[in-house]
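The structure appears below as structure tokens.
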Amino acid sequence: MRKVLVALLLALMVTALILAGCGKSESDKSAEEAKGILAKSQAKMENVSSLKMAGSSSVEMTEAEQGEMEYDFEAVTLKTPDGQTEFQMIARGEGEELQTFIVGGYMYTYDPNSGWVKIKITGEDDLSTAAPTPDQLAEMSSYAENLTLLPEEDGRYVVAFDVSPEFFDQYSEGLTDSSGLMKDLFEDLKINIIYRIDKSTMYADNVDMEVSIKGVPMFGDITAFTSIAFSEFDQPVTIVLPPEAQNAREEELLPGDLPSIPGMGF
């Protein structure tokens, strides 16, 4: 369960960055304005070399032993000179501190019960646990729909949108899913976004997300509410893997395993 929540928080934050881009064409003037604002912000965000994120997440599950969980988290991500993305996150909640790193092509996670574990990030099968490249960001951001430009808040543009089912169809094509379970889960997956952009810089300011999915084995219907604030753009950052993580136990996603779902971490 704890590893699932670490992946969930990571996936939620990655999804927030993925979806901060241009949406599908709409005839409504508000939607056209929102589309242009998101496109300008995405262009700025793609050129950011590093940033910090902080926020909170609450998860409700109808059939899990522990029906509700809450976490606070802080994270930093950066692009290395060779074009790779590195990531570090600390999540605190339920009386524990959980850690996640993406360094050198591996995702490392730690919790007090299982210790350090690492998973090789290979691309297609591990897409939602990997830090996305700018090309992936540009591709995935094109699936926003129902764009609405809301009233401005304290010098920030406010844009609301949903994620088109076509995004999940495209995403699931590259996944190993012999049982067909992933396809069924994707049909009921919904992501709603309220995204705020600083008018003076066009940088992402914060995002509120609601992610819901029905009928997840052992968990039931799941709803996750997450708020994330972005700051310290292009500031010097160094991500160093803790020495104790060097001996992390390596695990891999087997053909029968469920890879993470975007924005849900299952």
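Each value in this text was obtained by applying a stated rule to the coordinates, not by laboratory testing. All of these numbers come straight from a predicted model, not from anything done at the bench. Neighbour counts run over all protein chains shown; Cβ positions are idealised from the backbone, glycine included.
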Task: Approximate spin-label separation PHE225-GLU152, in nm, with each point projected 7 Å along Cα-to-Cβ - done: 2.9
Task: Coil-residue chymotrypsin sites (Phe, Trp or Tyr not before Pro) of the stretch 33-97, DSSP, other Cβ within 10 Å capped at 12 - done: none
TODO: Give, as a single signed number, the net charge of other residues whose beta carbon lies under 15 Å from the beta carbon of VAL237, with Lys and Arg counted +1 and Asp and Glu -1.
DONE: -2
Open item on the list: 7 Å from Cα along Cα→Cβ at both SER58 and SER114: what's the point-to-point distance in nm?
Closed with: 2.6
Task: Estimated distance in nm for a label pair at ASN47 and VAL240, the labels positioned 7 Å out from Cα along Cα-to-Cβ - done: 3.2
Open item on the list: If neighbour count is taken as other Cβ atoms inside 10 Å, put TYR195, TYR106 in order from fewest to most.
Closed with: TYR106, TYR195
Open item on the list: How much length would be gained if the chain were fully extended between GLN84 and GLU32, taking 0.36 nm per residue of separation minus their Cα-Cα distance, in nm to one decimal?
Closed with: 15.4 nm
